[in-house]
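One structure below.
The values are calculated or read from the model by the stated rules, or taken from the named source; none is laboratory data. Every value quoted in this text rests on a predicted model; they were computed, and no experiment measured them. For neighbour counting, all protein chains shown are included, and Cβ atoms are generated from backbone atoms with ideal geometry for every residue, glycine included. Please note that ligands, DNA and RNA were not included when accessible areas were found on the heavy atoms of the full protein model with its side chains. Shrake-Rupley method; radii C 1.70, N 1.55, O 1.52, S 1.80 Å.
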Amino acid sequence: MRRSDNPADAPPPSVAGMRARRNVVRHAVGSFARLVEELAANNDIASAPGLLQQVDPRAKVVGLIGLIVVVTLLHNIATLAIAYTACIALAAASRIPARRFARAWLAIPLFSAAVVLPAALNIVTPGHPLLTLWRFEAGHVPATLDVTDNGLYVAARFILRTAVCVTLALLLTATTHSNRLFRGLRALGVPMLFVTLLSMMERYLVVFVRAAEEIHLAKISRSITVGNTRQEQAWVASGMGALFRRTQSLGNDVHLAMVSRGYTGEVYLLDEPQWRVTDWAFLLVIAGTVIVLVVIG
């Protein structure tokens, strides 16, 4: 049973490829499980005794979404850096674990850099060349493909702006229970159909994830050998179709059951939130922050 160091005892390439493909399926199952854990962690964070957790959902929606709109209009990197620092301080005051934002903070620079990479080149943003990537043949205009200082400034500004906006959105969703957030959206005039779709999606997302996880586990438990690429693609397509049929049937049954029990689409709470002095103070602080950012920027 011990692992052999003899090359003759190594598994053939087909077996190695099969293990690699099975690892991909197991990785997908693990991703589903982590998603469920994150959804459960959101409720724990929203129940923590933090700063934003004590603010009325309507005030948070108005204040944080207003900040997102203002941040999209800022063009100064220093101002965006100040706003980003304020977001991190707000997350710490709300007792949000750093690992909750770690994935977003790592994904934002990579995704934003891939989107804004052409803007850093001299063919899009002229400026002083900092790094030459390619030299063209004689007579070509431009003669070189360079990364410019103005291009790097534009790219850094885009990445920082995206990071601030995503962090503000995460602060809003992580510190507010879903039913209170939907109630706050309805109180501010968001259409009922939009709120209903959001609430149904949030409520049954875990059910859909569990269904997809069961399909993957069934595939692993019943697979002795792995087929070729075309067969695997056919299985993935059939799994997607089965999941769609299951979710469509469940959605219709749930909606009919809700309508038969008097559901009209409105969100009601047992303890309706009331505006307090702290909520007005929060909005005043947000308004002051907006003025400072606009003046500096």
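With respect to being part of a helix (DSSP H, G or I), within 21 Å of LEU52 (Cα to Cα) and open to solvent by less than 80 Å² (accessible area, probe 1.4 Å), VAL290 fits the description.
Among residues of the stretch 112-122 being surrounded by 14 or more Cβ atoms within 10 Å (Cβ to Cβ) and not β-branched (Val, Ile, Thr), the one that is farthest from LEU160 (Cα to Cα) is ASN122.
Once the stretch 259-275 is narrowed to residues that are within 25 Å of HIS177 (Cα to Cα) and modelled with pLDDT of 80 or more, the residue that is least open to solvent (accessible area, probe 1.4 Å) is GLY262.
Residue count for the stretch 125-176 under the criterion of being part of a strand (DSSP E or B) and in contact with a Gly (Cβ under 7 Å, 6 or more places away or on another chain): the result is 1. Residues in the stretch 61-91 that are open to solvent by less than 20 Å² (accessible area, probe 1.4 Å) and over 19 Å from the mean Cα position of the chain (by Cα): GLY63, LEU74, THR79, LEU80, ALA83. Restricting the stretch 246-258 to residues that are of a type outside the set (Gly, Ala, Ser) and at pLDDT 85 or above leaves a set whose member that is least open to solvent (accessible area, probe 1.4 Å) is ASP253.
Only one entry in THR72, THR79, THR132 is among the hydroxyl-bearing types (Ser, Thr, Tyr) and without any contact (Cβ under 8 Å) to a residue 60 or more places away in the chain, namely THR132.
For ASP146, are the conditions met, namely being crowded, with 18+ Cβ neighbours inside 10 Å, of a type in the set (Asp, Glu) and modelled with pLDDT of 85 or more? No; evaluated as a whole, the condition is false for this residue.
Tell me yes or no: at least one residue of the stretch 136-143 is charged (D, E, K, R), farther than 18 Å from THR167 by Cβ and loosely packed, with under 13 Cβ neighbours inside 10 Å. Within the stretch 136-143, one or more residues are charged (D, E, K, R), farther than 18 Å from THR167 by Cβ and loosely packed, with under 13 Cβ neighbours inside 10 Å. Residues in the stretch 177-226 that are assigned to a helix (DSSP H, G or I), open to solvent by less than 50 Å² (accessible area, probe 1.4 Å) and small (Gly, Ala, Ser): SER178, GLY184, SER199, ALA211, ALA212, ALA218. The residues listed here are GLN274, GLN248; of these, the one that is part of a loop (DSSP other than H, G, I, E, B) and not aromatic (Phe, Trp, Tyr) is GLN274. A single member of ARG95, ARG161, ARG103 is open to solvent by 40 Å² or more (accessible area, probe 1.4 Å) and in contact (Cβ under 8 Å) with a residue 60 or more places away in the chain, and it is ARG161.
Residues are listed down the side, and each one gets a yes or a no for (1) touching an Asp or Glu at 6+ places or on another chain (Cβ under 7 Å); (2) farther than 19 Å from GLY297 by Cβ:
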residue	(1), (2)
VAL55	yes, yes
GLY66	no, no
THR72	no, no
ALA78	no, no
ILE82	no, no
ALA86	no, no
ILE108	no, yes
LEU117	no, yes
LEU133	yes, yes
